[in-house]
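A short write-up of the structure that comes next.
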Amino acid sequence: MQLSVDFHSEKPIYQQIRDGIVTGIASGTLQDGDPLPSVRALGMELGVNLHTVNKAYKLLQSEGFIEIQRSRGTQVKAGKTAQNAAEFLQTSGSALRAVLAEAMRRGIDRAVLHQMIDHFYDQLEGENHAKH
Amino acid sequence: MLSISHASIITFWTLAVLFCIQPWFSRKNVLFGVVFPDAAVWQAPVPKRIIRRYIIGTGLAAVLLFIVWIVSFSRLERSISFNLAMAALLIGDSAFFVLANRQTRTYKKAVVPADRLTNKMIIDTTQSAHEPLMPLSWLLALLPLFLATIAVAIWGYPFMGSNIPTHYGLTGPDAWTHKSPLAVMQPLIFDVLLVIIILFTRRAPAAVKGNPNAAPGYALYRKWLNGLLILFGLVTELLFFLMELSLIRPIHTYLAPALTWVFPVLSSFTLLLIAFMAYLFFRMVRAKESSGPIFDNDRHWIWGLFYFNRSDPSLFIEKRIGIGYTVNMAHPIAWLILVGILAAVVISSIYH
């Protein structure tokens, strides 16, 4: 899976790493049990502080997206993406609300937003099917 | 002039020529330490002019310094005049490089559209997880000779003479110091430093990055370089082991004749290793084409020569110019390693 970090983005780097991996899992690019680079390897390859990568991995671990084991290293835990829906909506709802507020402020139509969500949903679903 | 040794003249001109051709010891999309989206920069008229000026400048500087060296030679002590000539060549040619780096940066700013380079780093997590890395077990190859040298140093100590050679010329030892445990163990410091360098360069990132195809085949090249460093370590260990052994008086008589041919053989082998390293560089680095979005991190490359990036955890990184690695100056531990290397060099040449 391709993981991208934008050094000029306002989004914190740890969040970008976390979001990138979650997107990979959602689209099926990352499968259950897939290995992920160690904190050190990822930090050195991206050229970002190890604390930053560690923060992202700890967050992913607490959200149940990855498993960090001494013997097997870091692995994807896609089977139980596994937080329940309510918890997910609770944590992601505020982010979605903020995006909607910004869209409304710019006068973007509800239908256009719906269309955009449908488009991304279809795209992720399509990639997921292609994998299986 | 006749008393200037051939060896010093050859060393001077080898360094001078290496400086002249230095721009070619980089990836194809790097010019004077400045990164570009592709190799086309080498064909553009302005960069061609910058390269031409650099070659003429460094060439003329070398000729001029050589003349000054010859003229002033009789007035200075032999080694001082050589060291001064080499230092002047190093500083003079580096100044030309820094100038060329500045001109190339200005050219890049004016010509390369911002969207051709990126502020993003894209990596392939699957590729990273299966990257060819030098196995740590390879380092075990260095252990037997290391332990053997320590054993010789400890058990042979009472049988060693009161003076220990600290420097070996082509004809054998040419500088000595009083016998002490430190003097006897000194060669081993070099081995420890080498192992530290191998460990830190094992994951050293490429000088050009941005996406998985920015430096194609780099991980394998790095593994090869690590392997060569281990071979180099074995050669030096063998040399140190024999040196240590030759310190023991009863053995010295038998070993001394053998050492006269061991030195040239091992030196030739080291030269072969360096030549092979250069071959690998041109085959696995220079010959490769970067593609995809290239990360623009020139701001971390001071004068295109020194890497300084606080947030990058790497202590070593591939050089932008030249073969091998350079340290990330932003980390104090990198400075410590540099000081260690310099100290090892100074200690070994202090009695020269």
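The values are calculated or read from the model by the stated rules, or taken from the named source; none is laboratory data. Please read these numbers as outputs of a predicted model, since none were measured by experiment. Quick reminder, even Gly has a Cβ in these numbers, built from the backbone with ideal geometry, and neighbours come from all protein chains shown. Remember, those area values only see protein heavy atoms, side chains included, never the ligands or the DNA or RNA. Shrake-Rupley method; radii C 1.70, N 1.55, O 1.52, S 1.80 Å.
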### Candidates B:233, B:57, B:161: whichever shows maximal mean-square fluctuation once chain B is modelled as a Gaussian network with Cα springs under 10 Å
B:161
### Summary
Diffing the range A:31-47: the Karplus 3J(HN,Hα) column from phi (6.51, -1.76, 1.60, θ = phi - 60°), in whole Hz with x for Gly and Pro, holds 9, 4, x, 4, x, 10, x, 5, 4, 5, 4, 5, x, 5, 6, 7, x
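For the range B:125-349, what is the relative contact order in percent, using Cα pairs closer than 8 Å and at least 6 residues apart in sequence? Kindly include the intermediate steps, with their values, before the conclusion.
Working: 256 pairs, mean separation 56.2, N = 225.
Relative contact order of the range B:125-349: 25 percent.
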### Message
Testing the spin-label approximation: label points 7 Å from Cα along Cα→Cβ at residue B:177 and residue A:104. State their distance in nm.
### Response
7.7
### Query
Looking at B:181, B:261, B:138, which one has the Cα that reaches farthest to the positive end of the dipole of chain B (charges on Cβ: Lys, Arg +1; Asp, Glu -1)?
B:138
### Query
Which value does Rg/Rh take for the range A:85-131 over its C-alpha atoms, Rh per Kirkwood?
1.07
### Amide H partners (placed H, <5 Å) of residue B:309, local residues excluded
B:329, B:330
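Which trypsin sites (Lys or Arg not before Pro) from the range B:58-147 combine a DSSP loop assignment with at most 11 other Cβ atoms within 10 Å?
B:75
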### Query
In square nanometres, what is the average projected area of the Cα convex hull of the protein assembly as shown?
29.2
### Task
Name the residues of the range B:94-120, by number, that are at least 10 Å² less accessible with every protein chain in place than in the isolated chain; the surface is that of heavy atoms, probe 1.4 Å, without ligands or nucleic acids.
B:119, B:120
## Note on the structure
The ³J(HN,Hα) series, computed from each phi in the range B:101-109 with the Karplus coefficients 6.51, -1.76 and 1.60 at θ = phi - 60°, rounded to the nearest Hz and given as x for glycine or proline, is 4, 5, 5, 5, 4, 4, 4, 4, 4
### Query
Each residue of the range B:201-217 in order: what ³J(HN,Hα) in whole Hz does its phi give by Karplus 6.51 cos²θ - 1.76 cosθ + 1.60, θ = phi - 60°, with x for Gly and Pro?
8, 4, 10, 4, x, 6, 6, 10, 9, x, 7, x, 9, 5, 9, x, x
## Note on the structure
Computed about the Cα centre, the charge dipole of chain B from +1 Lys/Arg and -1 Asp/Glu charges at the Cβ has a magnitude in debye, to the nearest 20, of 1120
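Only four residue types carry charge here, +1 at the Cβ of Lys and Arg and -1 at the Cβ of Asp and Glu. Report the dipole size of the range B:186-314 about the Cα centre in Debye, rounded to the nearest 20.
It comes to approximately 280 debye.
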### Query
What residues qualify as long-range amide H neighbours of residue B:294, i.e. H under 5 Å apart, gap of 5 or more or another chain, H built at 1.01 Å from N?
B:118
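Per residue, how large is the accessible surface of chain B? Use a 1.4 angstrom probe and give square angstrom.
Values: 17870 Å² over 352 residues.
That works out to 51 Å² per residue.
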### Summary
Check: C-alpha center the range A:34-68 vs C-alpha center the range B:264-298, spacing in Å is 31
### Query
Lysine pairs, Cα distance under 19 Å, 8 or more residues apart or cross-chain: how many in the range B:125-349?
6
### Message
Can you return the aspartates and glutamates within cross-link range of residue A:58? Criterion is Cα-Cα under 15 Å, with same-chain partners fewer than 8 residues away left out.
### Response
A:19, A:67
### Summary
Rh (Kirkwood, all Cα-Cα pairs) for the range A:13-80, Å, reads 11.8
### Summary
Ratio for the range B:6-112, C-alpha Rg to 2.2 N^0.38 Å, reads 1.24
### Query
Which semi-axes, in whole Å and largest first, does the equivalent ellipsoid of the range B:125-349 have when worked out from the alpha carbon gyration tensor as the square roots of 5 times its eigenvalues?
39, 18, 16
#### Entry: Student exercise, the range A:85-131 dipole from Lys, Arg, Asp, Glu Cβ charges, in Debye to nearest 20
240
#### Entry: Nearest-0.05 FRET efficiency for residue B:249 and residue B:154, computed from C-beta distance (R0 22 Å)
0.85
### Query
What FRET efficiency do you get for residue B:72 and residue B:188 if R0 is 41 Å and r is their Cβ-Cβ distance, rounded to the nearest 0.05?
0.55
### Global form of chain A, assessed from the alpha-carbon gyration tensor, a/c cut-off 1.5
prolate
